[in-house]
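Asks: Quick one: the structure is below, and I'll ask about it shortly.
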Amino acid sequence: MNVLVIGANGQIGQHVISKLKISEKHNPIAMVRKKDQQLKFEKEGVQTVLVDLEGSIDHIVEAAKETDAIVFTAGSGGHTGADKTMMIDLDGAIKSMKAAKRAGVKRFIIVSAIGIHKWHENNHPGWMDRTPYYSAAKYYADLWLENSGLDYTIIRPGGLVNEQGTGKIQLGNDLEMASIPREDVATTIVAALEHDNTIGKAFDLTTGQTQIEEGIKSL
């Protein structure tokens, strides 16, 4: 598959690009918003498109043409305010979904956050109240995707760490908060692309005892 990775310069995005690049099954296309990021990926031999998520949806549509799947790993980052979070994590995500439909791309995978489907429940995880705008952005982006008509997968990882991946995960619908290496999230994304049983599924993801391939097949 030709896979457009939105947010390719982010920490998860870079892992996804690397794993797609070494696979014989896929061709990654890195979508970035800065010229220096574009040059970096091009030097690595990665096809790259220069598009700003806060810009025109038409530019995203153009980037998505000739692709088979979109992976949305973009995020405003932990040091930005509510305005930037809403523009990237919510509006940018929805624009990407609309662009996918306009470009005829059915497969769409998004990286969300653990437990975010409980945002409107009284017993939602306490961490969500510390950054309610982030929680709301992730919740509504996921909800929009679920109702978009796209062949979606929503991956909700726990606390992200930069440790080496273990290759082992736990997945489910109501996991307790726990950490997971970004590399393992990326490996899970690639595995989800390769297994159609993940279409129409949303799940929490943390480090566990199950091999990633086995866990994905069990969904």
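Asks: Go over the candidates Ile22, Ile109 one by one and state the one that is among the aliphatic types (A, V, I, L, M) and touching a strand residue (DSSP E or B) at 6+ places or on another chain (Cβ under 6 Å).
Replies: Details: Ile22 fails: touching a strand residue (DSSP E or B) at 6+ places or on another chain (Cβ under 6 Å).
Within the list Ile22, Ile109, the selection yields Ile109.
Asks: Tell me, please, whether a residue that is of a type outside the set (Asp, Glu) and over 28 Å from Gly158 (Cβ atoms) can be found in the stretch 88-100.
Replies: Taking the stretch 88-100 as the starting set, the residues that turn out to be of a type outside the set (Asp, Glu) are 88, 90, 92-100.
Pick out the ones that are also over 28 Å from Gly158 (Cβ atoms) and you get 98-99.
Yes, the stretch 88-100 contains at least one residue that is of a type outside the set (Asp, Glu) and over 28 Å from Gly158 (Cβ atoms).
Asks: If you go through the stretch 63-80 one residue at a time, how many are of a type outside the set (Phe, Trp, Tyr) and touching a residue at least 40 places away in the same chain (Cβ under 8 Å)? Explain how you work it out, then say what you get.
Replies: Within the stretch 63-80, the first condition is being of a type outside the set (Phe, Trp, Tyr), and the residues that meet it are 63-71, 73-80.
Now narrow it down to the ones that are touching a residue at least 40 places away in the same chain (Cβ under 8 Å): 63-64, 66-71, 73-75.
Residues in the stretch 63-80 being of a type outside the set (Phe, Trp, Tyr) and touching a residue at least 40 places away in the same chain (Cβ under 8 Å): 11 in total.
Asks: Moving on to the next point. Of the residues Asp83, Asp52, which is open to solvent by 70 Å² or more (accessible area, probe 1.4 Å) and more than 28 Å from Asn197 (Cα to Cα)?
Replies: Working: Asp52 fails: open to solvent by 70 Å² or more (accessible area, probe 1.4 Å).
From the options Asp83, Asp52, the qualifying one is Asp83.
Asks: Same structure again: Within the bounds of the stretch 52-69, is there any residue that is within 19 Å of Thr153 (Cβ to Cβ) and in contact with an Asp or Glu (Cβ under 7 Å, 6 or more places away or on another chain)?
Replies: Going residue by residue through the stretch 52-69, those that are within 19 Å of Thr153 (Cβ to Cβ) are 64, 67-69.
From the residues that got through so far, the ones that are in contact with an Asp or Glu (Cβ under 7 Å, 6 or more places away or on another chain) too are none.
No.
Asks: Which residue, of Ile88, Ile110, Ile114, is free of Cβ contacts under 8 Å to residues at least 60 places away in the same chain and either among the hydroxyl-bearing types (Ser, Thr, Tyr) or not in a helix (DSSP H, G or I) (or both)?
Replies: On the way: Ile88 fails: either among the hydroxyl-bearing types (Ser, Thr, Tyr) or not in a helix (DSSP H, G or I) (or both); Ile114 fails: free of Cβ contacts under 8 Å to residues at least 60 places away in the same chain.
Being free of Cβ contacts under 8 Å to residues at least 60 places away in the same chain and either among the hydroxyl-bearing types (Ser, Thr, Tyr) or not in a helix (DSSP H, G or I) (or both) holds for just one of Ile88, Ile110, Ile114, which is Ile110.
Asks: Would you point out the residue of the stretch 157-193, among those that are among the acidic types (Asp, Glu) and surrounded by 14 or more Cβ atoms within 10 Å (Cβ to Cβ), that is farthest from Val16 (Cα to Cα)? Full working, then the answer.
Replies: Here is the first cut: in the stretch 157-193, the residues among the acidic types (Asp, Glu) are 163, 174, 176, 183-184.
The next check asks that each one be surrounded by 14 or more Cβ atoms within 10 Å (Cβ to Cβ); those that pass are 183-184.
Working: Glu183: 8, Asp184: 10 Å.
The extreme case among them is Asp184.
Asks: Let me ask something additional. Provide a single number: the residues in the stretch 189-219 that are closer than 16 Å to Ser112 by Cβ, outside any loop (DSSP other than H, G, I, E, B) and of a type in the set (Gly, Ala, Ser).
Replies: Residues in the stretch 189-219 being closer than 16 Å to Ser112 by Cβ, outside any loop (DSSP other than H, G, I, E, B) and of a type in the set (Gly, Ala, Ser): 2 in total.
Asks: Another question about this same structure. Out of everything in the stretch 105-136 that is under 19 Å from the mean Cα position of the chain (by Cα) and open to solvent by 50 Å² or more (accessible area, probe 1.4 Å), what residue ends up being farthest from Leu175 (Cα to Cα)?
Replies: Within the stretch 105-136, the match that is farthest from Leu175 (Cα to Cα) is Lys106.
The values are calculated or read from the model by the stated rules, or taken from the named source; none is laboratory data. The structure displayed is predicted, hence computed values, not measured ones. Backbone-built Cβ (ideal geometry, glycine too); neighbour counts: all protein chains shown. For accessibility, only protein heavy atoms count, side chains too; no ligands or nucleic acids. Shrake-Rupley method; radii C 1.70, N 1.55, O 1.52, S 1.80 Å.
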